[in-house]
Amino acid sequence: MQLTGRFGLNLPIYKDDRPFKGRQWKKITTHPLQMNSAESNDETSKEMAAIRHANTEFVCQQRIEQSATNLDVFDLFANHVGYNKPFKQPNIFPDDNQLEVFVLPMTHVDPGWLRTVESYSKDTNKILNNMLHFMPSHSKMRFLWCEMVFFEKWWSKLNESSKKKVRKLIGNGQLEIASGSWVMTDEANPYFPVTIDNIIEGQQFTFRELGVKSKTIWSNDPFGYGPSVPYLFSKTGIKRAVINRIHDILKKALQARRAIPFKWRQHFDKQGVGDIHTHVLPYSHYDILNSCGPNQSVCCAFDFKRITHYQCYDTQTEAITKKNVKKKAQQLENQLKEMSEMYKSKVLLVMWGDDFRYDMMEEWHQQYENLVYLFNYINAMNKIKIRFGTFTEYFDALDKFNEENKIIPTVISGDFFPYLCAAHDYWTGYYTTRPFYKRQERQLHALIRSADLLTSYANHRLNREQKTLIISKLRKARRNLSLFQHHDAITVH
């Protein structure tokens, strides 16, 4: 049965009082617009009551059978309101089971947060130049890059010799290009075709210029996450993700269940074909203070840039020497062991950076030389195996450990909206801020889409020079539109 609404829409009406999961819908057969007074019998009254019940009880519910998952984000939230401390479960492995730790140096570069993209490019050029100068002579070093909008600006100015060095760094696993999209997109506001353009525009560039296909999504800063963006990335072959800003209560609840990393599954994916193996950063932020363990004061002392720049609020950062290496190693070991209690596996990922870090060559030496000193000492004790590593190295080791120890990651469905930070503020205003800019973005997308279709239609009538010109203009337009999808663009600015 269907109702015809005021705008000519066909509205199906259903009735079912059973629990939602696995619901089998029953269609009501009497059309209320076809009823007359003679038909107003008891059965009709019951069906009209059912219609009123349907209209008031729910507006829109999923009509397909959900896949079996261990947890649904909505249920998890409902069961953990007021949850404020992680629960430490007994360690499921013997104490002598060695931890394997991967430390990944990174920098987070926002195209257009407090300054313009052009202004920030001066900083990102420094970071990438330092990377190119430092890493070829330090084979143990690793580095992560994500925002292709900055990388392309830097890349376009390199000579062929420098480009070969970059390709070599990627080829030997020192430099990892994560996501590969043009920017790290917001996940609440963009329309999905624009997200697809953002992914394609960036990944076509990385494949064409670098010969690389990204294997992991890196999305540490958007203000909440939905399942749609990982689904779109999965269509490019990506099966892994690292995220951060999820509801603080949910993060602690997942840690209590040892449900991180988890397999993120779409509601409609019964077989788990498109599962994304997802790691969530352990604490409130992605900087070094929130990466090496639960004690920010202790972790701050391992941010070696603070030897000469900035300061920790209650501790002194000092270089690693023969005199202090034993003490410092023990402090770091304690932090890592405490953090490991939140995970089923003994394989840990530690991010090592912050916003616009590694813009000084001095920091590259400070972080690398002091960490290597620590790594060598810790590895010699044979309690923890620690080294620099990329996302690929981390997930490969994690998969191997899980297989050897018969560990099956928790399967989760749902989204991570809205975002509640550690200060317990809900980040929801950006859904509607700057409405005129949001409208302009939709209009620009419509124009670009129309231009794409017209170009395709007229393709056989264009000569090579005309095609090159039009493709160049469309590429520039798509890149500008993709830039506006950034989590600091379409959201608030």
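The values are calculated or read from the model by the stated rules, or taken from the named source; none is laboratory data. Everything numeric in this text was worked out from a predicted model, so none of it was measured. Counting neighbours? That spans all protein chains shown, and the Cβs are built from the backbone with ideal geometry, glycine included.
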Return the only residue of Ile276, Ile320, Ile307 being in contact (Cβ under 8 Å) with a residue 24 or more places away in the chain, within 27 Å of Trp218 (Cα to Cα) and in the same structural domain as Glu369 (by TED's automatic domain parsing). Ile276
Can you name every residue in region 172-205 that is within 16 Å of Lys235 (Cβ to Cβ) and among the β-branched types (Val, Ile, Thr)? Thr185, Val194, Thr195, Ile196, Ile199, Ile200
Is region 282-296 home to any residue that is more than 16 Å from Lys337 (Cα to Cα), assigned to a strand (DSSP E or B), in contact with a strand residue (DSSP E or B) (Cβ under 9 Å, 6 or more places away or on another chain) and not β-branched (Val, Ile, Thr)? no
Being closer than 21 Å to Gln255 by Cα and within 31 Å of the chain's Cα centre (by Cα) is true for just one of Gln335, Gln331, Gln367. Which residue is that? Gln335
The residue that is nearest to Asn379 (Cα to Cα), considering only those in region 297-325 that are aromatic (Phe, Trp, Tyr) and part of a loop (DSSP other than H, G, I, E, B), is Phe302
Of the numbered conditions (1) over 24 Å from the mean Cα position of the chain (by Cα); (2) under 30 Å from Lys235 (Cβ atoms), Tyr286 fails exactly one; give the number of that condition. (1)
Residue check: is Lys467 surrounded by 13 or more Cβ atoms within 10 Å (Cβ to Cβ), assigned to a helix (DSSP H, G or I), assigned by TED's automatic domain parsing to the domain that holds Arg142 and over 22 Å from the mean Cα position of the chain (by Cα)? no
Where in region 326-432 are there strands (runs of 3 or more DSSP E), lying wholly inside it, with at least 1 residues that are of a type in the set (Asp, Glu) and crowded, with 17+ Cβ neighbours inside 10 Å? 347-355
Quick check on my filter: what residues within region 133-192 are closer than 15 Å to Gly389 by Cβ and either outside the structural domain of Thr107 (by TED's automatic domain parsing) or assigned to a loop (DSSP other than H, G, I, E, B) (or both)? His138, Ser139, Lys140, Met141, Arg142, Asn172, Gly173, Gln174, Ala178
What are the residue pairs meeting all of these: first residue in region 178-202, first residue on the phi < 0 side of the Ramachandran plot, second residue assigned to a loop (DSSP other than H, G, I, E, B) and of a type in the set (Phe, Trp, Tyr), Cβ atoms under 7 Å, and 6 or more apart or on different chains? Ala188/Phe417; Asn198/Trp182; Glu201/Trp182; Gly202/Trp182
Condition first: touching a residue at least 60 places away in the same chain (Cβ under 8 Å), among the aromatic types (Phe, Trp, Tyr) and buried (at least 17 other Cβ atoms within 10 Å of the Cβ). Can you find one or more residues in region 154-167 that meet it? no
